1. I'd like to check something: does the stretch B:51-63 contain any residue that is open to solvent by less than 20 Å² (accessible area, probe 1.4 Å), touching a strand residue (DSSP E or B) at 6+ places or on another chain (Cβ under 7 Å) and either among the polar types (S, T, N, Q) or under 25 Å from A:T87 (Cβ atoms) (or both)?
2. Among the residues of the stretch A:23-77 satisfying the criterion of being more than 11 Å from chain B (Cβ to nearest Cβ), farther than 27 Å from B:S90 by Cβ and over 14 Å from the mean Cα position of the chain (by Cα), which is surrounded by the most Cβ atoms within 10 Å (Cβ to Cβ)?
3. Please go through the stretch B:87-103 and pick out each residue that is open to solvent by 20 Å² or more (accessible area, probe 1.4 Å) and not acidic (D, E).
4. Just for strands (runs of 3 or more DSSP E) wholly inside the stretch B:59-117: which have at least 2 residues that are away from every other protein chain (no Cβ under 14 Å)?
5. Of the residues B:A2, B:A84, B:A30, B:A72, only one is of a type in the set (A, V, I, L, M, F, W, C), over 13 Å from the mean Cα position of the chain (by Cα), modelled with pLDDT under 95 and open to solvent by less than 10 Å² (accessible area, probe 1.4 Å); which?
6. Regarding A:A86, is this residue away from every other protein chain (no Cβ under 13 Å) and small (G, A, S)?
7. Being more than 23 Å from B:A72 (Cα to Cα) and of a type in the set (G, A, S) is the filter here, so list the residues in the stretch B:12-62 that pass it.
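The values are calculated or read from the model by the stated rules, or taken from the named source; none is laboratory data. Nothing here was measured: the structure is a model prediction, and the numbers come from that model. All Cβ positions, even for glycine, are placed from backbone atoms using ideal geometry, and neighbour counts span all protein chains on display. Calculation scope for accessible area: heavy atoms of the full protein, side chains included, ligands and nucleic acids excluded. Shrake-Rupley method; radii C 1.70, N 1.55, O 1.52, S 1.80 Å.
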Amino acid sequence: SQKIEQNSEALNIQEGKTATLTCNYTNYSPAYLQWYRQDPGRGPVFLLLIRENEKEKRKERLKVTFDTTLKQSLFHITASQPADSATYLCALGHAAGNKLTFGGGTRVLVKP
Amino acid sequence: GAVVSQHPSRVICKSGTSVKIECRSLDFQATTMFWYRQFPKQSLMLMATSNEGSKATYEQGVEKDKFLINHASLTLSTLTVTSAHPEDSSFYICSARLSLGDADTQYFGPGTRLTVL
C-alpha cells in the first residue's frame, strides 16, 4: 500500500542553524510533491511545489529537493528563526486533478 | 492571492443537532474543494472531494449521509454534520484546488473546531 513517512519526532534546533526534514514514500510514483506549514489550530499553508523532473527548488530561506530514485524529498530551512517553529507536512500528487496525500508531519521547534 | 475562508471558526453544539460549515475561495474560482478532518497531533484525513455542480466523492469509511456536502457555486462549498455526536468533535479544514497546469496545489481555510457536547 502507498505510504508516506515523515519523522514523527519533533526537531529541536538552535536559531540560525539549518533544519532538515525528510519525506519518504513507498509504492507511489508522484508527479509532484508539495510542502506545507501548519501552525497549531490553523489550516496548512502552501510553501513549495517541486515536480518529478526537478531536482531542487528554492524560495527565500527554504530549499526542497526531490529524488525519485531514493523516493525521498528533503526540506531545508536555512538560518532558522523561532518564527519558523511549526509542523511541516509533505504531500504527494499523482497528476493534475487528483487529490493530494499527506504525510504525518514533522514538528520543528527553533530555540532562540 | 489564493485566500480561502472558513466559517465558523469554532462551534459548540449539543448532541443530535446539525452543524453547517462554509468554505469560500475569496479571490479565485475553485471547481474542486476538499474537506479534511484532523485529530490532535495527527495528520489531515481527507473526507471528501467536493465538485462544483455535481455530487461529492467520499473517501472510504466516510458516511455521506452524515457529512453532507454541497458545492453550489465556484466559490462556496458547505459541509453539514448531521445529527452530530461527541465522536464527531474534531478540527475540520477545507481547501480549494488551484491548477498550475501540470500540477495542482491546495489553499486551505483556517479550519473549524467542532465540539459536540
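1. Within the stretch B:51-63 (the criterion being open to solvent by less than 20 Å² (accessible area, probe 1.4 Å), touching a strand residue (DSSP E or B) at 6+ places or on another chain (Cβ under 7 Å) and either among the polar types (S, T, N, Q) or under 25 Å from A:T87 (Cβ atoms) (or both)), the answer is no, since none of the residues qualifies.
2. Checking each candidate, the answer is A:T68.
3. Scanning the stretch B:87-103 gives B:S89, B:R97, B:L98, B:S99, B:L100, B:G101.
4. Numbers: elements: B:67-73, B:76-81, B:90-99, B:104-108, B:112-116.
Because the criterion is at least 2 residues that are away from every other protein chain (no Cβ under 14 Å), the strands (runs of 3 or more DSSP E) in the stretch B:59-117 that meet it are B:67-73, B:76-81.
5. Details: B:A2 fails: open to solvent by less than 10 Å² (accessible area, probe 1.4 Å); B:A84 fails: modelled with pLDDT under 95; B:A72 fails: open to solvent by less than 10 Å² (accessible area, probe 1.4 Å).
Residue meeting the stated conditions: B:A30.
6. Details: away from every other protein chain (no Cβ under 13 Å): yes; small (G, A, S): yes.
Against the criterion (away from every other protein chain (no Cβ under 13 Å) and small (G, A, S)), A:A86 qualifies.
7. Residues satisfying the conditions are B:S15, B:G16, B:S43, B:G61.
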